[in-house]
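J.: The following block contains the structure, expressed as structure tokens.
The values are calculated or read from the model by the stated rules, or taken from the named source; none is laboratory data. Just so it is clear, the model here is predicted, and its values are computed rather than measured. Note that we place each Cβ from the backbone using ideal geometry, even for glycine, and neighbour counts take in every protein chain shown. The protein model used for the area step is the full one, side chains on, heavy atoms only, and it has no ligands, DNA or RNA in it. Shrake-Rupley method; radii C 1.70, N 1.55, O 1.52, S 1.80 Å.
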Amino acid sequence: MMRFAQIITGIALALISCGLVWSAERFPPPDFESGHEMPSPTTPHPRQDIYEYIDVVVLLAALGLASYLVLKKRSRRAIFALTVFSLLYFGFWREGCVCPIGGTQNIVLSIFDAEYVVPITVAAFFLLPLVFTLFFGRTFCAAVCPLGAVQDLVLCRPVAVPSWAESGLRLLAYVYLGAAVLFAATGSAFIICRYDPFISIFRLTGDLNILILGACLLLIGVFVGRPYCRFICPYGVVLRQLSRLSRRRVTITPDECIQCKLCEESCPFGAIKKPAAKWSDQDYGIAKKRLGFFLLILPVLVLLGGWAGSSLKAVAARAHETVRLAERIYLEETGEVTETTDASAAFRATGKEIEELYADASSIRAQFGFGGWFFGGFAGLVIGLKLIGLSVWRQRTDYEADRASCLACGRCFEYCPREHVRLEQAKEVKT
Amino acid sequence: MNESSRQPCSRRQLFAGALRYAALGLLAAGGAALVAKRHRLLREGVCISGGLCGGCAILHQCALPEALSAKKISAGVHSGRR
């Protein structure tokens, strides 16, 4: 029944989206004789301030309700209903903006740019899910995030991803976070927003390539549970770490695990950990040596990553418009190109010194060089820590939801026989 | 007193709890710093909307020249004058 409702909702939303996207394309933008290209909108129209505060209140209420439904009520059905609401409200009506995922960049820019101020509502959108995660786990991912919601709706035929592939693919999210921070800190680009795969679907317009990317991710999402959330989402990286510290967390069973193994295959996100048998002396010896080796190479990985990140500065700096302009002006000055662009003509019209532009570009490249060390070092550190994690044994006596990976969707609840006993008892108490 | 509150806290739980409140403190300090920066820039008369008056939350109380101009144009449009 639940699966049927999911499929019907998914198909309905897809059809509505396709229809509206098509209708938007019926009125093509005019062809400018000057060769000017119509810029594609990147943000929705500004809205009245009061609505932004209403959005914060709705976010707060949704987070509170999600936490209650996941931890107290333990109802997958209710979580699903809230997921649909979040998709409609934060996704289609709110047009996916502000979202905490993109808000990360505003926060970073606010730290590095002395004159940039992040709006209070954006700060609230960024901070509230983090605070809730610290206390209740990833309930934001469960039913409030519209990006997660749209993927959850299309998940019909989940297949298990091997743990080695899951671990490897998860590195993408760390690299993406590092890159997003680097580009935001240098004031070059907000790559999370620019390459948000579902924003075009929510806004029913936008770049065709991004629309195709979103459609592909949704197609993959039919078989692989929430691919964006698990392998790409940069905000998810932060939530993963905070969720490890959460005060309350999802428990598969409401009281005690009877090791019936029914929940083993219930999680489409591979977040249920089996009981871990104690290692044999031989395994322990091997793991100890491996741990020592990985601890030794950790600084090497950090340095190597830092060097690699810094080496990319010339390429990465081209994301900044000043660097692009300086390179264009250089080509025009050296006669390698004869035509001018709108940007280079506009620059020349300002009367600004070319040397000044070159100096600015050089300064930005230096920033990328410096930031590249941190970005690459961070990537190296993450890889090193992943390897170290392979050599550490963690005691587990029951089937447990992994604190970091669990998206708190509540699918595992109904697989637990103890949960059914609890529900029966609750019914008896009511009658 | 319930069952869980009687259970002794393990070293791992204690460590996680300390980290949790440290993270919470960090988030609170970060949020306060953002608000303080906003107030400081407003006090110094710096535009906090990157020069974009459209959609600016504090346009009605802003006295920067661009804002005064924007408000004048906006008032003209609303009263039917161009």
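J.: In square nanometres and to one decimal, what's the mean projected area of the convex hull around the Cα atoms of the stretch A:281-389?
T.: Numbers: hull surface 34.4 nm².
If you wrap the Cα atoms of the stretch A:281-389 in a convex hull and average its projections, you get 8.6 nm².
J.: By average Cβ neighbour count within 10 Å, what is the ranking of A:378-385, B:58-65, A:51-58 from highest down? Show your work: numbers first, answer last.
T.: Numbers: A:378-385: 19.8, B:58-65: 12.5, A:51-58: 15.0.
The densest-packed peptide leads the list: A:378-385, A:51-58, B:58-65.
J.: Report the far tail of the P(r) of the stretch A:363-431, meaning the percent of Cα-Cα pairs longer than 16 Å. Before the final figure, lay out each step's value.
T.: Details: 1708 of 2346 pairs.
I get 73 percent for the Cα pairs in the stretch A:363-431 exceeding 16 Å.
J.: Would you mind getting me the FRET efficiency between A:Ala81 and A:Ala366? Use the beta-carbon distance for r and R0 = 51 Å, nearest 0.05.
T.: 0.45
J.: Now a separate question. Taking every residue in B:43-49, how many Cβ atoms of other protein chains lie within 10 Å of its Cβ, on average? Provide the component values of the computation, followed by the final result.
T.: Details: counts 0, 1, 0, 3, 2, 5, 4.
Mean number of neighbouring Cβ atoms from other chains: 2.
J.: Further, regarding this structure: Between B:Lys71 and B:Leu52, what length in nm is gained on full extension when 0.36 nm per residue of separation is reduced by their alpha carbon distance?
T.: Working: separation 19, 0.36 × 19 = 6.84 nm, distance 1.23 nm.
Result for the pair: 5.6 nm of gain on full extension.
J.: In the protein assembly as shown, if every C-alpha pair distance is counted and binned at 10 Å from zero, what percent goes to each bin?
T.: That works out to 3, 15, 25, 26, 18, 9, 4, 1, 0, in percent per bin.
J.: May I ask which of A:Lys386/B:Lys37; A:Lys73/A:Lys274; A:Lys72/A:Lys274 have a Cα-Cα span longer than 27 Å here? Could the numbers behind the result be given before it?
T.: Details: A:Lys386/B:Lys37 37 Å; A:Lys73/A:Lys274 25 Å; A:Lys72/A:Lys274 24 Å.
Violating the 27 Å Cα-Cα cut-off are A:Lys386/B:Lys37.
J.: With the cut-off at 16 Å, report for the stretch A:142-238 the share of all Cα pairs above it, as a whole percent.
T.: Values: 2761 of 4656 pairs.
Considering the stretch A:142-238, 59 percent of its Cα-Cα pairs are separated by more than 16 Å.
J.: May I pose another question? What ranking, highest mean first, results for peptides B:45-53, A:184-192, A:275-283 when packing means the other Cβ atoms within 10 Å averaged over each residue?
T.: Details: B:45-53: 14.1, A:184-192: 20.8, A:275-283: 10.6.
Listed from highest to lowest mean packing, they are A:184-192, B:45-53, A:275-283.
J.: With the convex hull built on the Cα atoms of the stretch A:51-251, state its orientation-averaged projected area in nm². Please list the in-between numbers first.
T.: Values: hull surface 45.1 nm².
Convex hull of Cα atoms, orientation-averaged projection: 11.3 nm².
J.: Moving on to the next point. When only C-alpha pairs under 8 Å and at least 6 residues apart count, what is the relative contact order of chain A, in percent?
T.: Working: 567 pairs, mean separation 95.2, N = 431.
Relative contact order for chain A comes out at 22 percent.
J.: Moving to a separate point now. Share of chain A's accessible area from carbon and sulfur, percent, 1.4 Å?
T.: Numbers: 14750 of 22920 Å².
Looking at chain A in its full context, I get 64 percent from C and S.
J.: Keeping all protein chains in place, calculate the accessible area per residue for the stretch A:149-288 (probe 1.4 angstrom), answer in Å². The partial results should precede the final answer.
T.: Values: 6620 Å² over 140 residues.
Here the per-residue accessible area is 47 Å².
J.: Please compute, for peptide A:110-121, the average count of beta-carbon atoms on other protein chains lying within 10 Å of each residue's beta-carbon. Present the calculation step by step, with values, prior to reporting the outcome.
T.: Values: counts 5, 4, 0, 1, 3, 7, 5, 13, 5, 7, 5, 1.
Counting other chains' Cβ atoms within 10 Å and averaging over A:110-121 gives 5.
J.: How many Cβ atoms of partner chains, on average, are near each residue of A:128-137 if near means within 10 Å of its Cβ?
T.: Values: counts 1, 0, 5, 5, 0, 1, 6, 2, 0, 0.
That works out to 2 on average.
J.: With a 10 Å radius around each residue's Cβ, average the other Cβ atoms per peptide and rank A:214-224, A:156-166, A:394-404, highest first. Walk me through the intermediate numbers first.
T.: Details: A:214-224: 18.3, A:156-166: 12.6, A:394-404: 15.8.
Top of the packing list down: A:214-224, A:394-404, A:156-166.
J.: Which length gain, in nm to one decimal place, applies between A:Val421 and A:Leu88 when the Cα-Cα distance is subtracted from 0.36 nm times their residue separation?
T.: Values: separation 333, 0.36 × 333 = 119.88 nm, distance 3.44 nm.
Length gained, A:Val421 through A:Leu88: 116.4 nm.
J.: Chain pair B, A: how much accessible area is buried, both chains summed, with a 1.4 Å probe, in Å² to 100? Write down the numbers at each step before the final one.
T.: On the way: alone 7060 and 23750 Å², together 29100 Å².
Counting protein atoms only, the buried area is about 1700 Å².
J.: Per Stokes-Einstein, at 20 °C and 1.002 mPa s, what whole-number D in µm² s⁻¹ belongs to the stretch A:167-321, with the Kirkwood radius over Cα pairs as the hydrodynamic radius?
T.: Working: Rh = 19.6 Å.
Taking Rh from Cα pairs, D becomes 109 µm²/s.
J.: How far apart, in nm, are the 7 Å Cα→Cβ label points at A:Leu295 and A:Gln282?
T.: 2.5
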